[in-house]
1. When only Cα pairs under 8 Å and 6 or more residues apart are kept, what is the percent relative contact order across chain B?
2. Place the peptides A:143-156, B:100-113 in order of packing, highest mean first, counting for every residue the other Cβ atoms within 10 Å and averaging per peptide.
3. Could you let me know the centre-to-centre spacing of the stretch A:24-62 and the stretch B:114-154, using Cα atoms, in angstrom?
4. Measuring label to label, 7 Å along Cα→Cβ, what does B:Thr8 give against each other copy in nm, shortest first?
5. Once you compute Rg and the Kirkwood Rh from C-alpha atoms, what is the Rg to Rh ratio for chain B?
6. Grab the other residues whose beta carbon is less than 9 angstrom from that of B:His150, score K and R as +1, D and E as -1, and report the net.
7. Name the shape class, rounded, prolate or oblate, that the alpha-carbon gyration tensor gives for the protein assembly as shown, where a ≥ b ≥ c are the square roots of its eigenvalues, rounded holds for a/c under 1.5, and otherwise prolate holds if a/b is larger than b/c and oblate otherwise.
8. Ranking A:Leu28, A:Leu76, B:Leu20 by Cβ neighbours within 10 Å, fewest first, what do you get?
There are 2 protein chains.
Amino acid sequence: MTLAPWRTPLARALHRNRALVYSRYAQLATVDPQGRPHNRTIVFRGFAGETNTLEFITDQRSEKVAHLHHQPWGELCWYFPQTREQFRLAGLLQIIDELHPDPQAQKARLHRWQSLSDSGRQPFTWPHPGQPRTGDLPAAPPDPLTPPVHFCLLWLAPQQVDHLELRGNPQNRYCYRQDDRGIWTVQAVNP
Amino acid sequence: MTLAPWRTPLARALHRNRALVYSRYAQLATVDPQGRPHNRTIVFRGFAGETNTLEFITDQRSEKVAHLHHQPWGELCWYFPQTREQFRLAGLLQIIDELHPDPQAQKARLHRWQSLSDSGRQPFTWPHPGQPRTGDLPAAPPDPLTPPVHFCLLWLAPQQVDHLELRGNPQNRYCYRQDDRGIWTVQAVNP
């Protein structure tokens, strides 16, 4: 694969903000079947293999999975505090659940589960997220080898990337667009 | 007015994270007329007068203003790094532009413009955001007394607030909901 042109500034931002653990946190917007937006923080886990696809994890029972079945387009907003820059990455999201037919995707799902910490795996043992809490949450760590049924990967394949540098004097902003043939172009735009 | 019950934990988060200037930055999700979500960082400016309405500023020419004319419902995702907690605030957004008929709202718009720093006012002198950049951006500071035509307030009146504390052991999550009479209730839910 070809490295998309926005990968270089994104890699630079990740590197320059690496002292802040939360520089790997970003906000994902989805749309529900009623046409309303939803927005939550998710953790960037890296790129899926040798692709330009961003990898996250999610719980099959979370609202965003239902939203994505209805509207698979999402936008990630990623602000880097140290360097004062923002990336907005929009594109189609794919859910890799237990029933996903692609063996390579299943391998990635297994690998990601096994690479998590115990505390990263813990939420998948808890009862249905968002439902009324009725007591203590399970504290026993789950099997580190076998992902539970509701453990999913979430893959975002950006088609549009908007990069804003607030630190410039004046600010700089670049729009990256992928055409139907998969070719990326970039244009400087007004911030 | 009555202080909504989520105001206390939000005020506590703002206080405990006050050392980080970017703890006042949050991400706003809107929906475009094609039903796709968009997401960008905005700066919390405080509450509108004696209300539970959050105030932001925006440019009339920005995409989100067009989105909100189509779908006024939005969701703000606000992550506080120091205390590791997230607020998701959803509700109707109102744009206070130059033509807004309410004198109180116009007073608030004028007051907000005058309270900005020169660098905060500067972007409103720049050419249309998102359009191809053709040269240097204007550097002369705008009139600090009179807001330009495309300076707007953005008011978010939350009807649902989801508060997640990642630092709890285990985590804690609370859902606040406002009913048709404006009464707030809160429920502990599974994280």
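1. With pairs under 8 Å counted, the relative contact order is 22 percent.
2. Working: A:143-156: 17.6, B:100-113: 14.7.
Ranking the peptides A:143-156, B:100-113 by packing returns A:143-156, B:100-113.
3. Distance between centres, Cα-based: 33 Å.
4. Ordered by increasing distance: 5.4 nm.
5. Value, to two decimals: 0.98.
6. Working: positive: B:Arg61; negative: B:Asp59, B:Asp97, B:Glu98.
Residues close to B:His150 contribute a combined charge of -2.
7. Details: a/c = 1.87, a/b = 1.25, b/c = 1.49.
Oblate shape, in that a/c is at least 1.5 and b/c is the bigger or equal ratio.
8. In increasing order of surrounding Cβ atoms, one gets B:Leu20, A:Leu76, A:Leu28.
All of the numbers you see were taken from the coordinates with simple rules; none came from a lab. This one's a predicted model, so the numbers in the text were calculated from it and none came from an experiment. Virtual Cβ from ideal backbone geometry, glycine too; neighbours counted across all protein chains shown.
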